[in-house]
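The structure appears below as structure tokens.
Laboratory data are not the source of any read-out in this text; all were calculated from the coordinates shown. Computed from a predicted structure; not experimentally measured. Here the Cβ positions follow ideal geometry from the backbone for every residue, glycine too, while neighbour counts run over all protein chains shown.
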Amino acid sequence: MYKSSVLKRLLFAILILLVLLSSTECWAKRKKKSAEESLQASVKREVVLGDKIAEEIAKNMKFNEDPIYTARVRGIFNKLTPWTTRPLPYKIHIVKEKSPNAFCVPGGNIYVTTGLLNFVRSDAELAFVIAHELAHANGKHVIVQMERNQKLSLAALAVAIASRGAGAAIMLSNIAAVAMANAYSRDLEQEADLNGADLAERAGYDLIAGVTVMESLAEEELKQPWFDPGVYRDHPKISERIRYIADVVEKKGYKLHRKYVLKLLIPTLTEEGGNLIFKIDSTEISRAQKTPETLKSYETALQMTSDHLQMETPAYDIRVSSPHGHGGGVYAGVKPLYLSTFPGGTDGLETIRKRFLIALNEARKKHPMADYAM
Ligand SMILES: [Zn+2]
């Protein structure tokens, strides 16, 4: 997903391994085999390669073994892997690194950073990122990308590395910038988004999380001066991926409602000194002395707000109105949020409308990169 200097070094090491392995593969003796046997053989080769890369990674990076982190990550991972289609021995590792990131190497080793675990706002967001990497691994994307990249001149590099001369060092440093194998071209990235969304959906996760986590990454990107999208010109922009994932989600028949995965715009009812307080996040909407009637009203208001107030609700849609046959209230479009019969509703609807707007605005400020009109 992202690039960093540590990853650069690592992926560079991976590149060298890939080069060596793919060149030996080219000259490997070829026998006639059944499709089944050759599939097994190719998976086996890939796993051997992947394990070598994993060893290199283990030398260069520190892992987080905190049981709280590992339990969470493995729980999600184990829900996703049954839905992959290639028989790889999938494994997941948590790398100690501050920047939010995830990547995969051939053979089924998936890596997430502690930065990512602190960055996501729900298990569904984490599941989407892991599913995306699983889709890359399942689709053999690292190998596909390596084969495509003409600049690498694999055979020449293999010879140079074998010579261990000064030329090799220069060659390697020139390639270092290109060696961030985690940057896939557009079609592979989209394939991973699409197949990753399928995996996450089958595992029972809310797909909207795919949109919200990318929107959060877009915000993160603004804060990262080292982020350089120029190296891979074909690499899709985050904004483009957000649009693409949103399309996938909508085509699958889901409404783009972000609040559930973001845990924002959540109505609550609390009791304090005999009073009931109806809030949305930290914004108080209304309060009244607790009676069976006020409790019933607030419970209805809570349900209405839960169902009808979304991050995507346009501010101008929230208004005081009196549809005929009803006593009036605060509405989001044609859906009621708060009725005049509720506490404070008789003459305070305008105040209550303003508080709903404040709550909406506060929630959006916490997730600012979203295009709520899309
Ligand atoms: Zn990707």
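In percent, what relative contact order does segment 264-365 have, based on Cα pairs under 8 Å that are 6 or more apart in sequence?
Working: 163 pairs, mean separation 26.9, N = 102.
Taking the mean separation of contacting Cα pairs over the length of segment 264-365, I get 26 percent.
Please state the shape class of segment 257-374: rounded when a/c is under 1.5, otherwise prolate if a/b exceeds b/c and oblate if not, all from the C-alpha gyration tensor. All intermediate terms of the calculation are to be shown ahead of the outcome.
Details: a/c = 2.11, a/b = 1.32, b/c = 1.60.
Taking the square roots of the gyration eigenvalues as a ≥ b ≥ c, segment 257-374 is oblate.
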- Task: Output ³J(HN,Hα) for segment 242-248: one whole-Hz value per residue in order, computed from phi by the Karplus curve 6.51 cos²θ - 1.76 cosθ + 1.60 with θ = phi - 60°, and x for Gly and Pro.
- Result: 4, 4, 5, 5, 4, 4, 4
- Here, THR70 and LEU357, labelled 7 Å along Cα→Cβ, have an inter-label distance in nm of 5.3 nm
- Note on the structure: Measuring from its Cα centre, segment 237-280 shows a charge dipole (+1 at each Lys and Arg Cβ, -1 at each Asp and Glu Cβ) which, in debye to the nearest 20, is 360 debye
- Which ³J(HN,Hα) values, rounded to whole Hz and listed in residue order, are derived for segment 85-97 from phi using the Karplus coefficients 6.51, -1.76 and 1.60 in 6.51 cos²θ - 1.76 cosθ + 1.60 with θ = phi - 60°, glycine and proline given as x? 10, 9, x, 9, x, 5, 9, 10, 10, 10, 9, 6, 7
- Message: For PHE63, what residues show an amide H to amide H distance below 5 Å, using hydrogens built from the backbone and excluding near sequence neighbours?
- Response: LYS96
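Which net charge results for the neighbourhood of TYR338, defined as the other residues with beta-carbon distances under 10 angstrom from its beta-carbon, given Lys and Arg at +1 and Asp and Glu at -1? Each step should come with its number before you reach the end.
Values: positive: ARG353, ARG355; negative: none.
Residues near TYR338 contribute +2 overall.
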- Message: Charges at C-beta only: +1 for Lys and Arg, -1 for Asp and Glu. How large is the resulting dipole of segment 264-365 about its Cα centre, in Debye rounded to 20?
- Response: 160 debye
- Query: Which aspartates and glutamates, on any chain, are close to LYS252 with Cα under 15 Å apart, when same-chain ones fewer than 8 places away are left out?
  - Reply: ASP193, ASP198, GLU201, ASP206
- May I ask you to list the aspartates and glutamates whose Cα is less than 15 Å away from that of LYS98, ignoring any residue fewer than eight positions away on the same chain? GLU220, GLU221
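Which percent, nearest 5, of DSSP beta bridges in segment 56-131 are antiparallel? Could the numbers behind the result be given before it?
Working: 5 of 10 bridges.
Approximately 50 percent, going by the DSSP bridge assignments.
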- Message: Under 5 Å between amide hydrogens, which residues at least 5 positions from ASN275 or on another chain qualify, with H placed 1.01 Å from N in the peptide plane?
- Response: LYS290
- Task: Within 10 Å, count the other beta carbons around each residue, average over each peptide in 123-136, 294-307, and list them highest first.
- Result: 123-136, 294-307
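How much length, in nm to one decimal, is gained on full extension between LYS223 and LYS44, taken as 0.36 nm per residue of separation minus their Cα-Cα distance?
Working: separation 179, 0.36 × 179 = 64.44 nm, distance 4.16 nm.
That pair, LYS223 and LYS44, stretches by 60.3 nm at full extension.
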- Distant-in-sequence amide H partners of GLU312 (H built 1.01 Å from N, under 5 Å): ARG258
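Subtracting the Cα-Cα distance from 0.36 nm times the residue separation, let me have the gained length for HIS257 to HIS308 in nm, one decimal. Write out the running numbers ahead of the final one.
Numbers: separation 51, 0.36 × 51 = 18.36 nm, distance 1.05 nm.
Length difference between fully extended and current span is 17.3 nm.
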